[in-house]
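Readers should treat all values here as calculations from the given coordinates under stated rules, not as data from a laboratory. From a predicted model like this one, the values you see are computed outputs, not experimental measurements. Cβ sites come from the backbone with ideal geometry, for glycine too, and all protein chains shown count toward neighbours.
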Amino acid sequence: MTRSAQCLAFGLLAWLATAQVGAAAEPSPWEIPPEGSCASASRLRGWPLGEDAAPFELKVGEVIDGKRMQQIQRYLPPPIWENRERFLFEGMQLEIGPCFRDYSPPASFAAATEKFRGQAHLLADGGLADHVAGLPFPPDAIARDDSQAGAMWAWNFVSRWRAAGFRGKFRTVDLIGSSGAEPFEGEIWQRELGWRADRAADGYRIPDTGTLLWVAGGRFMEPFNAREFAWQQYRDVASAAEAARSDDLHMYVATMRRVRRVDSSGIDGLFVPSFSIGMSAVDPSPKAQSAEASAALGNSNSADLTTISPKRSGFEGLELRPQFLVFRALGTQDVLAPINTVKAGYPAEPQRDFGPYGLSWASDRWDLRRALVLEGVPRQGIERGDPDLGRVELWLDLQTLYPLCYASYDAKGQPIDVGYYVGRWSEDRAEYPKDPNEGGGAPRVIDPVGEAFANLRLRAGWRRESWEFVSAPEADRAVRHAVSLKNLNKGK
């Protein structure tokens, strides 16, 4: 299938569908510029955030250092630019990558979006019903002035193409100020079980996995205090329609040699335990740490554990429950983003330099992308992890819906944290596992190989590296084995 055919079915070039009503027809607000359209004579477009944008004055392959930082101001999400001292630095070497390169999902995803067009619908509480596979709301069916456009796009983000789900080694580093790091290393995975556009013959899901939407889990290997601590998180398809339905969350702690079920109410994203060991930004007292750990695990004899929290854990923003927030679409904006980086990080290159604050991927390749900007405010009556949250802004790549930038603010409008995401395109990796469901080629997916967040409220931050993540399908038997809860109790 050609790119134009994919985009037509995918709904991202909706102006093609409206061309028959006359040349004066208003173009789609979700239009994506043609691949490679970054000539100096063209202007950045967008609705409405990009209306006053200047021409794109940079060239593909050009390298921007710290002295020329001002030249990319108009091409960065405002939250990133406003905190540039953390994310950019004087010695950076930022390479200007391709303009609007084609990272579209495979033909099966476009076909599923079209096949089930009009079937999914929003519920009164922001939930989603009757979705099967693909995008529940084709972009060409979302009107600019629709009051539910934000909610539709939020569910499209949740349903975006992620192939079989990521897996691999990762490292997270907690940072205080410009120094003081506590790294955690381990393995993590997320298996996509339902809403699988590439599994039409199996009813769009992995067989014999019940009604689960996805299962995620991981295990720490370092540092010693957290070694062999493991967890698994189960999200059911029914959670899309039932806001009160929590995920099933289980933990294995080696010192206890037991698997315990943990309360997961208020968790809307991927759970990854965030340990606090000897860090001054949190209460370091053993009494406070053991009390929180004991409450989480339901065990009064876990005084040797450190603080366990799901907040800002390294995979923030890759998942969400749209029912927890009321969304609106703010518009689109063309931005530079590290959606397909080329410089290795952990585990291939554990000594990579991330600038003075440890949060910068500026010495890498950044593509020009059209971003969709969503704003979400907490829905009344829904408990979330952060009770002080006033609103969030989520910048998504319009073609793939891969997250590009995240910013959160408290009720007074003061920033809580700001972060950005780093990706890697499967088809640029010669060693990438092939996808038997897509004719033996690569699965056409952006893998989440990194992200960095500045916690502005605590004057801290964290960075996650996962350079070798892959999302290619596995044998069904291997998937069912991995998601079994019995597999969690194999700690050493």
Taking the square root of 5λ for each eigenvalue of the C-alpha gyration tensor of segment 176-263, the equivalent ellipsoid has semi-axes, largest first and in whole angstrom, of 31, 16, 14
State to the nearest 20 debye the size of the charge dipole of segment 371-492 about its Cα centre, where the only charges are +1 on K and R beta carbons and -1 on D and E beta carbons. 540 debye
Taking θ as phi - 60°, what are the ³J(HN,Hα) couplings along segment 145-156 by the Karplus curve (6.51, -1.76, 1.60), each to the nearest whole Hz, with x for Gly and Pro? 9, 5, 5, 9, 4, x, 5, 4, 5, 4, 6, 4
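Could you work out how much longer the chain between GLU35 and ALA478 gets when fully extended? Use 0.36 nm per residue separation minus the Cα distance between them, nm to one decimal.
Values: separation 443, 0.36 × 443 = 159.48 nm, distance 3.78 nm.
That works out to 155.7 nm of additional length.
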With a Cα-only, solvent-free Debye model of segment 336-377, what are the log10 I(q)/I(0) values at q = 0.18 Å⁻¹? -0.65
When the charge dipole of segment 379-443 is computed with +1 on Lys and Arg Cβ and -1 on Asp and Glu Cβ about the Cα centre, the Cα farthest towards its positive end, among PRO415, LEU396, SER426, belongs to PRO415
Can you list the residues, at least 5 places off or on another chain, whose amide H is less than 5 Å from the amide H of MET221, using H built in the peptide plane? GLU185, GLY186, GLU187, GLU228
Compute, for segment 432-492, the length of the dipole vector about the Cα centre, with Cβ point charges of +1 (Lys, Arg) and -1 (Asp, Glu) only. Units Debye, rounded to 20. 460 debye
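Throw me the Rg/Rh for segment 415-466, computed over C-alpha atoms with Kirkwood Rh, two decimals. Display every interim value, and only then the final one.
Working: Rg = 16.0 Å, Rh = 13.0 Å.
Ratio of gyration radius to Kirkwood radius for segment 415-466: 1.23.
Report the calculated FRET efficiency for ASN225 and ALA124 (r = Cβ-Cβ distance, R0 = 51 Å), to the nearest 0.05. Don't skip to the answer; put the middle values down first.
Working: r = 46 Å, r/R0 = 0.90.
After rounding, the FRET efficiency stands at 0.65.
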Using the per-residue mean of other Cβ atoms lying within 10 Å as a proxy for protection, in what order, highest first, do the peptides 161-174, 112-125 fall? 161-174, 112-125
Cβ charges +1 (Lys, Arg) and -1 (Asp, Glu), total dipole of segment 185-247, debye: 140 debye
Scan around ASP367 for amide H atoms under 5 Å from its own, H built in the peptide plane at 1.01 Å from N, and keep only partners 5 or more places away or cross-chain. GLY97, ALA337, ILE339, ASN340
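For segment 367-474, what relative contact order do you get, as a whole percent, if you take Cα pairs closer than 8 Å and at least 6 residues apart?
After rounding, I find 18 percent.
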If packing is taken as the average number of other Cβ atoms within 10 Å across a peptide's residues, how do 58-71, 326-339 rank, most packed first? 326-339, 58-71
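Could you work out the local net charge near LEU270, counting Lys and Arg as +1, Asp and Glu as -1, over the other residues with Cβ closer than 9 Å to its Cβ? Present the calculation step by step, with values, prior to reporting the outcome.
Values: positive: none; negative: GLU316, GLU319.
Charge balance in the 9 Å sphere: -2.
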For segment 359-492, what's the radius of gyration and Dmax over Cα atoms, in angstrom? 18.6, 52
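For ARG245 and VAL342, compute 0.36 nm times the residue count separating them, minus their Cα-Cα distance, and round to one decimal in nm. Walk me through the numbers before you get to the answer.
Numbers: separation 97, 0.36 × 97 = 34.92 nm, distance 4.00 nm.
The span from ARG245 to VAL342 would gain 30.9 nm if fully extended.
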Between ALA141 and ASP102, with labels modelled 7 Å along Cα→Cβ, what's the label distance in nm to one decimal, could you check? 2.5 nm
